[in-house]
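The structure appears right after this line, and notes come after that.
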Amino acid sequence: MKIVTFNVNGVRARMDTLIEWLKDTNPDVVALQEIKIQDVDFPRTIFEKLGYNCYLNGQKSFNGVAILTKGEAKLSSKVLPGNNDDQQARFIEVYYKRKRFMCIYLPNGNPKDTEKFVYKLEWMDRLVEYCNEALKSEEEIIVLGDFNVIPQYDDCMSPKQWAKDALFDSEVRTKFHYLLNLGYLDAIRILDNSNSIYTQWDYRDRAWEENNGVRIDHILLSPTAADNLEDSWIESTLRSHAKPSDHVPVWVLLGDK
DNA sequence: ATGACGCGTCATACGCGA
């Protein structure tokens with residue numbers, strides 16, 4: 001099963017790219033973030049013609065997540081429990097072929113001296129709690145999306161540049177590592193411990209040309225899912241195509257066992 | 001400290017992202 005996560009930075013702006021890319025790569029499960037569109041306006045029929053069912057948690061202008069599956073899945077939640085006042089569309093979960101997929105768009109959290117950072121920490125606490133509960137089922141769980149977390153020094157080109165940023169904050173990194181300590185595995189790092197492998201490059205300051213990137217889009221696997229890991233990779237070439245997102249797709253290939 | 005680039009919006013400036 002080919003599984004991929006991709007922060008598209010606006011689904012409407014990325015339709016040409018997405019159509020060509022889906023035809024070329026033919027994933028079974030696609031997790032999208034920052035679709036920046038209401039469910040009612042989502043170009044559902046275009047994806048359906050390509051063979052995908054669409055499960056949406058959209059929002060006007062900002063945020064918004066979706067999961068596309070080849071054939072039918074079962075929508076299980078659009079809510080990350082723990083805060084009834086949370087109005088931001090950042091979570092959707094489906095079951096597909098006996099696997100549980102959580103697509104997340106974790107808050108950015110900048111600037112750190114504002115409520116945005118408090119919201120990020122609170123959101124991460126809820127994610128840790130939810131992912132801990134989920135493990136009790138021994139299901140195959142795939143948590144994937146834009147985590148807005150640089151886990152380690154090797155996950156950015158210039159740690160100094162990020163020292164005071166919400167993406168590299170020590171408390172944020174600690175909370176990310178809680179997920180690993182629960183038993184989830186970082187699918188890219190299982191197979192590749194090199195540096196200079198990134199998933200996002202700023203549009204500004206020639207960041208792509210200079211490979212000044214960050215690895216913030218992740219796929220975490222429960223131990224039972226990791227048992228079936230056959231491959232993982234970052235599709236960085238997409239960043240040099242015309243009209244790119246600032247993020248690129250991150251893939252895992254899971255055997256069916 | 002600021003702005004840079006791109007997206008979306010009750011657009012032709014501004015909020016937001018990372």
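Derivation of every value follows stated rules applied to the coordinates shown; laboratory data play no part. What you are looking at is a predicted structure, and each value in this text was computed from that prediction instead of being measured. Note: ideal-geometry Cβ built from the backbone for every residue, glycine included; neighbour counts use all protein chains shown.
Most mobile of A:Ser137, A:Ser170, A:Ser61 per a Gaussian network model of chain A (Cα springs, under 10 Å)? Highest fluctuation of the listed residues: A:Ser137. So if a site counts as exposed when it's one of the GluC sites (Glu not before Pro), its DSSP state isn't H, G, I, E or B, and it has at most 12 other Cβ atoms within 10 Å, what's the longest stretch of chain A without one? My reading of the result: A:1-71 is the longest stretch.
Let me have the 222 nm mean residue ellipticity of chain A computed from DSSP H runs of 4+ only, each contributing -39500 (n - 2.57), with the sum over all residues rounded to the nearest 500.
Numbers: 7 runs with 64 residues, N = 257.
Calculated from helices alone, the mean residue ellipticity at 222 nm is -7000 deg cm²/dmol.
When chain A is treated as a GNM with alpha-carbon contacts under 10 Å, the residue of A:Asp85, A:Asp165, A:Asp154 showing the greatest mean-square fluctuation is A:Asp85. For chain A, the square roots a ≥ b ≥ c of the C-alpha gyration tensor eigenvalues yield an a/c under 1.5, which makes the shape rounded. The listed peptides A:238-245, A:182-189, ordered by packing as a protection proxy, come out as A:182-189, A:238-245 (highest mean of other Cβ atoms within 10 Å first).
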